[in-house]
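As structure tokens, the structure follows; a few thoughts come after it.
The values are calculated or read from the model by the stated rules, or taken from the named source; none is laboratory data. No experiment lies behind these values; they were computed from the predicted model shown. When we count neighbours, we look across all protein chains shown, and the Cβ atoms used for this are built from the backbone with ideal geometry, even at glycine.
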Amino acid sequence: MSDVAITKRLGTFTLDVAFEAGSGVTVLFGRSGAGKSTIVKAIAGLVNPDSGRIRIGNTILFDSDKRIDVPAQRRGAGVVFQDGRLFPHLTVRENLLYGFTRARGEKPIDLATVTGVLGLEELLARRPATLSGGERQRVAVGRALLAQPRVLLMDEPLASLDAARKDEVLPYLEALNAHFSIPVIYVTHDAGEVLRLASDVVLLANGTVAASGTLNAVTSRLDLPPEAEALGLGAVLEGRIDTHDASAGLTHVATPVGVFKVPLLAREPGTRVALRVNARDVAIALVRPEAISVQNMFDATVEEIRNPTPHVTRLALHTGEGRLLAELTADAARRLRLAPSSKVVALVKSVALAR
Amino acid sequence: MDSANAFLLTSAEQQALWLSLTVALRSVAFSLPFAVAVAWFLSRARFPGKTLIDGLVHLPLVLPPVVVGYLLLIGFGTRGPIGHWLLDTFGIRLAFTSEGASLATAVMAFPLMVRAMRLALDAVDRGLEDAARTLGAGAFDRFRTITLPLMLPGILAGGIVAFAASLGEFGAVITFASNIPGETQTLPLAIYQAIQTPDGDAMAARLALLSIILAFAGLILSEYFARRIKAMTGAT
């Protein structure tokens, strides 16, 4: 567990945040100007907070009361900058090893592992100027990892890439936390990245924390915080791959809600997977429809109804052993006469669950 | 002198050429590390009185060279405070020697050298230095492995500009080191003397031509090295 609680004045802007970060990927999410990058710089030691405390694992990096301020070069914070910041006069290999040779103590992360996981073997002899944007960011991630960091800080690492390049790099980022078990603090203003990468979310607005917690806790409340609207209401279901139906192109995932059919996943049966079911992808019927394309249908009971705006209705549904969330137009909810404890059928399209 | 050896240099001319190169080379070699340090301080460090230091460094650029030579004579002459100390402690005499000529050209060329280096230094992305810092590099380590290699084109440019300026320096050299053939009489001083001498026209012309050739060679060489370094540092 790490915790960050800092204040910093920058002209008329005041940053005053406190949050905890777990061992997974903690995403700092907010519009530009919300103070996300300043937090990362403060953790890395490149910006001095006015007051507060920064603890990563068991190590205190900054504490204004105890006058602790570990210099950036000894913090062990691996930073991946938005613009990569590869050293232009060094080869990819020399870039990768820059932090490695300067790291002290045991070095469990070696060049072979990193180049393997990030797919950098072919690039080692090249110069940064000859790399594509996506390749550059992968090298930047590898360089930060090889410095044997106690925390990996990523400051909008995909923001300068186009959509195709993002999709090229994202799978590598998804694999990082599992491979290297280093906590990641990830800054972004892109909701898609949050949903794909985050285990924990910190919602930032105007230099303060609007909400924080696990992705599920933050986005599965019917009273969704306004800052989380971009992420959308949704429920994360902890599931396990049951079987693959290769001929149909579907994987069956057992969850507390029931068995979901999702587009084929390239993982072994028995593997744990988290399915995020967006509330907008859930349709409601009163009886089981026939002759319909939808693959996933679950009998459900309406637990709770909310109208965040006059024209939107949000439902919490009790299904099997679990909970699903649905978002409808208020008109649809009226036509079905939905009320707490109504018996309904929840419909979820398979393609809505594609990875 | 017949036309066959009109382009061959007399021994006096060779001496002037050789002396000029020696004086300029020594001047650049000696002042280069100082210029790098001063450029770094002016570009990166924040300290009170920075404007004053900046002005002091650039003073030779706007002062009449004769005044610089005069000030050097006062400070570094055998009776001057520094010159006296140097003579007493190390037995080094600067006034009216070729070493003194180097000092005079070094002082005159210093601002040009610092300027070129500072421009290069300002162009080095500080973000790269920050990145090196997060990767565990201390201040000197960062300078040695990131900043210095990336400002190399500027160091080269500064060195060559200073070398060219040193070859051509007249006022400060003649004031501080005088015009002694074989000791302090560099090319411009030799040209000046040749013009003053009856029948010296041919010599003056040949020396002037020599100066032009030297200048061109310097430019071409600097262009060549600048390209090599750019390729080496991956700068685009």
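May I ask you to verify whether B:Gly154 is closer than 17 Å to B:Ala123 by Cβ and not aromatic (Phe, Trp, Tyr)? Don't jump to the end; show me each part of the working.
Values: closer than 17 Å to B:Ala123 by Cβ: yes; not aromatic (Phe, Trp, Tyr): yes.
Yes: the conditions hold for B:Gly154.
So which residues in segment B:194-205 are crowded, with 19+ Cβ neighbours inside 10 Å and either modelled with pLDDT of 90 or more or more than 29 Å from B:Thr97 (Cβ to Cβ) (or both), if there are any at all?
Residues of segment B:194-205 that are crowded, with 19+ Cβ neighbours inside 10 Å, as a first pass: B:194, B:203.
Answer for segment B:194-205, where residues must be crowded, with 19+ Cβ neighbours inside 10 Å and either modelled with pLDDT of 90 or more or more than 29 Å from B:Thr97 (Cβ to Cβ) (or both): just B:Ala194.
Can you run down the residue pairs with Cβ atoms below 8 Å, 6 or more apart or on separate chains, where the first is in segment A:118-138 and loosely packed, with under 14 Cβ neighbours inside 10 Å and the partner is modelled with pLDDT of 95 or more and in a helix (DSSP H, G or I)?
Within 8 Å, the pairs are A:Ala125/A:Val92; A:Ala125/A:Arg93.
If a residue has to be within 14 Å of another protein chain (Cβ to nearest Cβ) and part of a loop (DSSP other than H, G, I, E, B) to count, how many in segment A:55-76 make the cut?
So the count comes out to 4.
Among (1) more than 17 Å from A:Pro157 (Cα to Cα); (2) within 14 Å of chain B (Cβ to nearest Cβ); (3) at pLDDT below 95, where does A:Tyr98 come up short?
The one condition A:Tyr98 does not meet is (3).
Output the residues belonging to segment A:259-274 that are within 23 Å of A:Ala346 (Cβ to Cβ) and among the small types (Gly, Ala, Ser).
A:Ala274
Name the one entry in B:Leu17, B:Leu94, B:Leu73 that is surrounded by 14 or more Cβ atoms within 10 Å (Cβ to Cβ) and in a loop (DSSP other than H, G, I, E, B).
Only one candidate qualifies: B:Leu94.
Kindly provide the set of residues from segment B:149-196 that are touching a helix residue (DSSP H, G or I) at 6+ places or on another chain (Cβ under 8 Å), β-branched (Val, Ile, Thr) and either outside any helix (DSSP H, G or I) or within 14 Å of chain A (Cβ to nearest Cβ) (or both), ordered by number.
Within segment B:149-196, B:Ile155, B:Thr184, B:Thr186 qualify.
Filter segment A:22-37 down to the residues that are farther than 19 Å from A:Ile182 by Cα and more than 14 Å from chain B (Cβ to nearest Cβ), then identify the one that is modelled with the highest pLDDT.
A:Phe29
For the structure I just gave you, tell me whether A:Val79 is within 14 Å of chain B (Cβ to nearest Cβ), assigned to a strand (DSSP E or B) and either out of contact with any Gly (no Cβ under 7 Å at 6 or more places or on another chain) or more than 22 Å from A:Asp190 (Cβ to Cβ) (or both).
yes
Restricting attention to segment A:82-101, which residues are part of a helix (DSSP H, G or I), touching a residue at least 24 places away in the same chain (Cβ under 8 Å) and surrounded by fewer than 21 Cβ atoms within 10 Å (Cβ to Cβ)?
Let us first name the residues in segment A:82-101 that are part of a helix (DSSP H, G or I), namely A:92-101.
Checking which are touching a residue at least 24 places away in the same chain (Cβ under 8 Å) leaves us with A:92-93, A:95-100.
Selection gives A:Arg93, A:Leu97, A:Phe100.
Please state which of the following conditions B:Ser102 fails to meet, knowing it meets all the rest: (1) crowded, with 20+ Cβ neighbours inside 10 Å; (2) away from chain A (no Cβ under 14 Å); (3) over 30 Å from B:Ser178 (Cβ atoms).
Condition (3) is where B:Ser102 drops out.
Which fully enclosed strands (runs of 3 or more DSSP E) of segment A:175-252 have 2 or more residues being closer than 26 Å to A:Ala326 by Cα and free of Cβ contacts under 8 Å to residues at least 60 places away in the same chain?
Those strands (runs of 3 or more DSSP E) span A:208-214, A:234-245.
So, B:Val66, is that one part of a helix (DSSP H, G or I), at negative phi and crowded, with 16+ Cβ neighbours inside 10 Å or not?
No; evaluated as a whole, the condition is false for this residue.
Kindly indicate whether any position in segment A:330-342 is within 25 Å of A:Ala254 (Cβ to Cβ) and in contact (Cβ under 8 Å) with a residue 12 or more places away in the chain.
no
Pairs under 9 Å by beta carbon, first residue more than 18 Å from B:Ala116 (Cβ to Cβ) and loosely packed, with under 12 Cβ neighbours inside 10 Å in segment B:46-60, partner at pLDDT below 90 and not polar (S, T, N, Q), six or more apart or different chains?
Pairs that qualify, where the first residue is more than 18 Å from B:Ala116 (Cβ to Cβ) and loosely packed, with under 12 Cβ neighbours inside 10 Å and the partner is at pLDDT below 90 and not polar (S, T, N, Q), are B:Phe47/B:Phe41; B:Phe47/B:Ile53.
Would you be able to tell me the number of residues in segment B:130-148 that are closer than 25 Å to B:Glu223 by Cα, crowded, with 18+ Cβ neighbours inside 10 Å and either at the interface with chain A (Cβ under 7 Å from one of its Cβ atoms) or under 22 Å from the mean Cα position of the chain (by Cα) (or both)?
Number of matching residues: 1.
For segment A:306-342, name all the residues that are exposed (fewer than 14 other Cβ atoms within 10 Å of the Cβ) and among the β-branched types (Val, Ile, Thr).
Listed by number, the residues that qualify are A:Thr309, A:Thr329.
Given the options B:Ala35, B:Ala12, name the one that is assigned to a helix (DSSP H, G or I), of a type outside the set (Val, Ile, Thr) and either on the phi > 0 side of the Ramachandran plot or modelled with pLDDT of 90 or more (or both).
B:Ala35
If you scan segment A:343-355, which residues turn out to be surrounded by fewer than 17 Cβ atoms within 10 Å (Cβ to Cβ) and over 25 Å from A:Gly192 (Cα atoms)?
The one that is surrounded by fewer than 17 Cβ atoms within 10 Å (Cβ to Cβ) and over 25 Å from A:Gly192 (Cα atoms): A:Lys343.
Condition first: within 14 Å of another protein chain (Cβ to nearest Cβ) and in a helix (DSSP H, G or I). Now tell me which residues in segment B:105-129 satisfy that.
Scanning segment B:105-129 gives B:Ala120, B:Ala123, B:Arg126, B:Gly127, B:Leu128, B:Glu129.
Which members of segment A:5-54 meet the condition of being in a helix (DSSP H, G or I) and not charged (D, E, K, R)? Break it down into steps so the answer makes sense when it comes.
If we filter segment A:5-54 for residues that are in a helix (DSSP H, G or I), which is where we start, we get A:36-44.
Result: A:Ser37, A:Thr38, A:Ile39, A:Val40, A:Ala42, A:Ile43, A:Ala44.
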